[in-house]
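**Q** I'd like to ask some things about the structure below.
Every number here is computed from the coordinates shown, using simple stated rules; none is lab data. Note that the coordinates shown come from a computational prediction; the quantities given were computed from them, not determined experimentally. Glycine gets a Cβ as well: all are built from the backbone with ideal geometry, and neighbour counts include every protein chain shown.
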Amino acid sequence: MTEPRGPVDASRVPRFAGPATFARLPRLDEVSRADVAVVGIPFDSGVSYRPGARFGPAAVREASRLLRPYHPGLDVSPFARLQVADAGDIACNPFDIKEAIATIEAAAQDLSAPGTRLVTIGGDHTIALPLLRVVHRLHGPVALLHFDAHLDTWDTYFGAEYTHGTPFRRAIEEGLLDTEAISHVGTRGPLYGKQDLDDDARMGFGIVTSADVMRRGPDEVAAMLRERIGDRPLYISIDIDVLDPAHAPGTGTPEAGGLTSRELLEILRGLAGCNLVGADVVEVAPAYDHAEITSIAASHVAYDLISLLALKEKP
Ligand SMILES: N=C(N)NCCCC(=O)O
Ligand SMILES: [Zn+2]
Ligand SMILES: [Zn+2]
């Protein structure tokens, strides 16, 4: 096995020069194979409020230029341990949500084989559904950690079944999730009614609210989650609006009272050792961002997810 090809050396080529692949890693077509492919999905036709997450992948890549190769919190050099490469964007139809979902599913399936795990950058939360279909095909029903201000288990909007507020209800209906180990983290904000919570609980979800994170702290929360997940194959879906608008203003449906970026990163670090099989970071909408606050947070979150993958045995 040849050594993984890592990021461009920042001591030779300034970080602000050259193309913005994620973390200045090689493109997938520049390496023979990848253990982890970072893929963008510039799709936001499923949003219920502010549009703009279609520009998320480009903004997160741009904000990822400053990431360095060693993760001291997890004591790992993810890009040396694994071949990580940027697979570019999945081009999908912005005028037809069902067609876009089918395109995403097919493209993610192609990228996933063989032995390549995906860290996906959205895009709105609609994209989690086709991504879960792909991990389900490879691993069977998966445990899910869903970091989000919102439940995203609603049924329909304007009669539409496939939106950014509904992916996890569809995933449950399709049998993609291991309902013994599915949790929302960071939930907060007004709902349509109490029924939303009853429906969600009936689907099997546990909820760690944003206030729970504040009261119990990230270490205890991570320990609780680890306990529930065990060694099941785990998918992590992170809606950047799980962060407080102070930490992530650049998003489509912001809610007050969210996590700090420090809390989110610490919870992720507390998940080291989990059997992570794939992950996404969604809902970065750069038009509402300031000083790249949101896209920098998202780039660090993606880096931590890759680091968690690097801590697992190679496939
Ligand atoms: N997935 C995100 N970000 N938001 C869902 C909000 C759904 C609503 O408008 O009620
Ligand atoms: Zn959300
Ligand atoms: Zn969401």
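**Q** State, to one decimal in nm, how far the label point of Y192 lies from the label point of A106, with both points 7 Å from Cα in the Cβ direction.
**A** Each label point is offset 7 Å from its Cα along the Cβ direction, giving 3.2 nm.
**Q** Suppose a student asked you for the relative contact order of segment 22-311, using Cα pairs under 8 Å spaced at least 6 residues apart; what percent would you report?
**A** Numbers: 662 pairs, mean separation 68.8, N = 290.
Dividing the mean separation by the residue count of segment 22-311 yields 24 percent.
**Q** Hey, another quick one. Sorted from fewest to most neighbouring beta carbons within 10 Å, what does the list E161, E227, E292 look like?
**A** Working: E161 14, E227 9, E292 17.
With the fewest neighbours first, E161, E227, E292 line up as E227, E161, E292.
**Q** Taking segment 119-253 on its own, what percent of its Cα-Cα pair distances exceed 27 Å? Kindly include the intermediate steps, with their values, before the conclusion.
**A** Details: 1284 of 9045 pairs.
Everything past 27 Å amounts to 14 percent.
**Q** State the extension gain, in nm to one decimal, for the chain segment bounded by R137 and E30, taking 0.36 nm per residue of separation less the distance between their alpha-carbons.
**A** Details: separation 107, 0.36 × 107 = 38.52 nm, distance 2.75 nm.
Computed gain between R137 and E30 is 35.8 nm.
**Q** Still on this structure, please answer the following. Which three extents, in angstrom, do the Cα atoms of segment 22-311 have along their principal axes, listed largest first?
**A** The principal-axis extents, from largest down, are 50, 43, 40 Å.
**Q** Mind giving me the nanometre distance, one decimal, between the label points for R202 and A246, set 7 Å out from Cα along Cα→Cβ?
**A** Once both label points are built, they end up 3.8 nm from each other.
**Q** Moving on to the next point. Arrange the following residues from fewest to most other Cβ atoms within 10 Å of their Cβ: V221, V38. Please list the in-between numbers first.
**A** On the way: V221 22, V38 28.
In increasing order of surrounding Cβ atoms, one gets V221, V38.
**Q** Given a Förster radius of 35 Å and the C-beta distance between D9 and D75 as r, what FRET efficiency does 1/(1 + (r/R0)^6) yield to the nearest 0.05?
**A** Working: r = 22 Å, r/R0 = 0.62.
With a Förster radius of 35 Å, E is 0.95.
**Q** Moving to a separate point now. Give the average over all directions of the projected area of the C-alpha convex hull of segment 1-151, one decimal, in nm².
**A** Averaged projected area of segment 1-151's Cα convex hull equals 10.6 nm².
**Q** Could you check the spin-label model distance between F158 and H290? Points 7 Å from the Cα along Cα→Cβ, value in nm.
**A** 3.1
**Q** Computed FRET efficiency, Cβ-Cβ of T2 and R216, R0 45 Å: what is it to the nearest 0.05? Each step should come with its number before you reach the end.
**A** Working: r = 45 Å, r/R0 = 0.99.
It comes out at approximately 0.50.
**Q** For L276, L243, what ranking results if the residue with the fewest other Cβ atoms within 10 Å of its Cβ goes first?
**A** The order, fewest Cβ neighbours first, is L276, L243.
**Q** Not counting the cut sites, what is the longest span of the chain without chymotrypsin sites (Phe, Trp or Tyr not before Pro) that DSSP labels loop and that have at most 16 other Cβ atoms within 10 Å?
**A** Values: sites that count: F16, Y49, Y70, F95, F158, Y192.
So the longest stretch without any such site is 193-315.
**Q** For the chain, which span is the longest to avoid every loop-located (per DSSP) member of trypsin sites (Lys or Arg not before Pro) having at most 11 other Cβ atoms inside 10 Å? Write out the running numbers ahead of the final one.
**A** Details: sites that count: R12, R33.
Between the exposed loop sites, the longest stretch runs 34-315.
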